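A.B. asks: Next up is a structure, given as structure tokens.
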Amino acid sequence: MKKTAICIGVICLILCLSCGSEKKDKETITIGTKKEEKKNQTTKTSSVPIMLDNKGIGPITSVTFEDNINKELSEKGEQLFKSKCVACHKTKQKFIGPPMAGIYKKRSPEWVMNMIMNPDEMLKKDPVAKALFKEYNNTIMINQNIPEEEARAMVEWFRTLE
């Protein structure tokens, strides 16, 4: 029983030490009689290339956005994202997968739709998807067999997150 408790404790310690991509340190500086705390923030730099001309691997070869966001389509996309994607993605921060806010500064809409609809093949053949796979601890994106109409609604909603 004691050995089991020690093993569990060691495993928890290893998991705690290996998690997190951001490290924050505090440094105390003493000036005269006044102490100040200075936060040093070290962030992991991304090795994932920004490739706006990459359309990815899959059925989507062209996506055209209207000048104005389609509110109805966007609202549908938000609901779909909340029901299918929030287990792994947050809108504005890294989680199990990358955040969606600002995605079009890094990826083409075609790439995003192909990743949503065709993650298996993208992870095998696309250089950006492979790099993301490595950056996110070799975590695969599960293929949820999302149809084109739903993927299009989600990419419309991602426009509102800019």
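A.B. asks: Tally the residues that are modelled with pLDDT under 95 and more than 13 Å from the chain's Cα centre (by Cα), restricting the search to segment 131-158.
C.D. replies: Going through segment 131-158 one residue at a time, the tally reaches 1.
A.B. asks: Next question. Taking the condition of being touching a Gly at 6+ places or on another chain (Cβ under 9 Å) and surrounded by fewer than 20 Cβ atoms within 10 Å (Cβ to Cβ), how many residues in segment 126-142 meet it?
C.D. replies: The qualifying residues number 3.
A.B. asks: May I pose another question? Name the single residue, out of those in segment 144-162 being part of a loop (DSSP other than H, G, I, E, B) and touching a residue at least 40 places away in the same chain (Cβ under 8 Å), that is most open to solvent (accessible area, probe 1.4 Å).
C.D. replies: Per the criteria, the residue is 162.
A.B. asks: Still on this structure, I have one more. Counting only residues that are closer than 16 Å to residue 149 by Cα and hydrophobic (A, V, I, L, M, F, W, C), which one in segment 51-68 is surrounded by the fewest Cβ atoms within 10 Å (Cβ to Cβ)?
C.D. replies: Selected residue: 65.
A.B. asks: Which of the residues spanning segment 77-95 are among the basic types (Lys, Arg) and either outside any helix (DSSP H, G or I) or open to solvent by less than 80 Å² (accessible area, probe 1.4 Å) (or both)?
C.D. replies: Across segment 77-95, the qualifying residues are 84, 90, 92, 94.
The values are calculated or read from the model by the stated rules, or taken from the named source; none is laboratory data. In this text the structure is predicted, and so the values were computed from the model without any measurement. Backbone-built Cβ (ideal geometry, glycine too); neighbour counts: all protein chains shown. Heavy atoms of the whole protein, side chains included, go into the accessibility calculation; ligands, DNA and RNA do not. Shrake-Rupley method; radii C 1.70, N 1.55, O 1.52, S 1.80 Å.
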